[in-house]
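The values are calculated or read from the model by the stated rules, or taken from the named source; none is laboratory data. None of the values given here were measured: they were computed from a predicted structure. With ideal geometry, Cβ positions are generated from the backbone for all residues, glycine too; neighbour counts draw on all protein chains shown.
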Amino acid sequence: MFISRDTIGLLGGNNVFQYADNPIHWVDPWGLSCKAPNGYKTNDVDKHGNLSPQTNRAKGHLNKKDDDQIQSHHPIQNAWAKKKIESYNENDAYGVLLPSSSGMSHAKISVSQRTRRKK
């Protein structure tokens with residue numbers, strides 16, 4: 001955490017006192033962007049745009065079959081957010097990396113969300 005405000009607004013986001021999402025696991029020496037230094041892993045949380053399936057991923061946590069198809073999940077669904085939030089940007093929305101292979105947590109959540117939308 002910073003001890004004072006980020007008064008010049010260098011990518012400070014909503015919390016102008018924030019240094020990193022989790023100072024134990026995240027390193028951001030200049031306070032400009034919070035990215036996992038050794039790549040994102042399953043259950044890590046960050047902006048969807050930072051959780052790219054092709055970059056910034058730790059070995060064994062990729063969007064491929066051998067790794068259980070690790071994908072970013074938006075707790076608040078994009079379709080709803082685009083209708084309700086005027087300035088919504090999918091890449092700025094927070095997500096969590098979840099295993100998405102059949103029967104895994106992300107797959108189960110997605111089925112549940114689709115079922116609810118159909119009601």
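Can you name every residue in segment 87-104 that is farther than 13 Å from residue 72 by Cβ and small (Gly, Ala, Ser)? Those that are farther than 13 Å from residue 72 by Cβ and small (Gly, Ala, Ser): 87, 101, 102, 103.
Residue-level check: of (1) farther than 19 Å from residue 90 by Cβ; (2) out of contact with any helix residue (DSSP H, G or I) (no Cβ under 6 Å at 6 or more places or on another chain); (3) at pLDDT 85 or above, residue 37 misses just (3). Beta carbons closer than 8 Å, at least 6 apart along the sequence or on distinct chains, pair a first residue in segment 51-68 that is in the same structural domain as residue 104 (by TED's automatic domain parsing) with a second that is aromatic (Phe, Trp, Tyr) and at pLDDT 85 or above for 51/40; 56/40; 57/40; 58/40; 61/40. Kindly establish whether residue 18 is in a loop (DSSP other than H, G, I, E, B), in the same structural domain as residue 106 (by TED's automatic domain parsing), more than 26 Å from residue 117 (Cα to Cα) and modelled with pLDDT under 75. Answer is no for this residue. Screening residue 91 on (1) touching an Asp or Glu at 6+ places or on another chain (Cβ under 7 Å); (2) assigned to a helix (DSSP H, G or I) shows it passes everything except condition (1).
Look at residue 60 and say whether it is small (Gly, Ala, Ser), touching a helix residue (DSSP H, G or I) at 6+ places or on another chain (Cβ under 9 Å) and at pLDDT 80 or above.
Details: small (Gly, Ala, Ser): yes; touching a helix residue (DSSP H, G or I) at 6+ places or on another chain (Cβ under 9 Å): yes; at pLDDT 80 or above: yes.
The answer is yes for residue 60.
In segment 81-106, the residues that are over 18 Å from residue 39 (Cα atoms) form Cβ pairs under 9 Å with partners that are of a type in the set (Phe, Trp, Tyr), at six or more places apart or across chains, as follows: 81/88; 82/88.
Restricting the search to segment 63-80, which residues are assigned to a helix (DSSP H, G or I) and either closer than 27 Å to residue 36 by Cα or touching a strand residue (DSSP E or B) at 6+ places or on another chain (Cβ under 6 Å) (or both)? Full working, then the answer.
The initial filter retains those residues of segment 63-80 that are assigned to a helix (DSSP H, G or I), namely 65-67, 78-80.
The answer is 65, 66, 67, 78.
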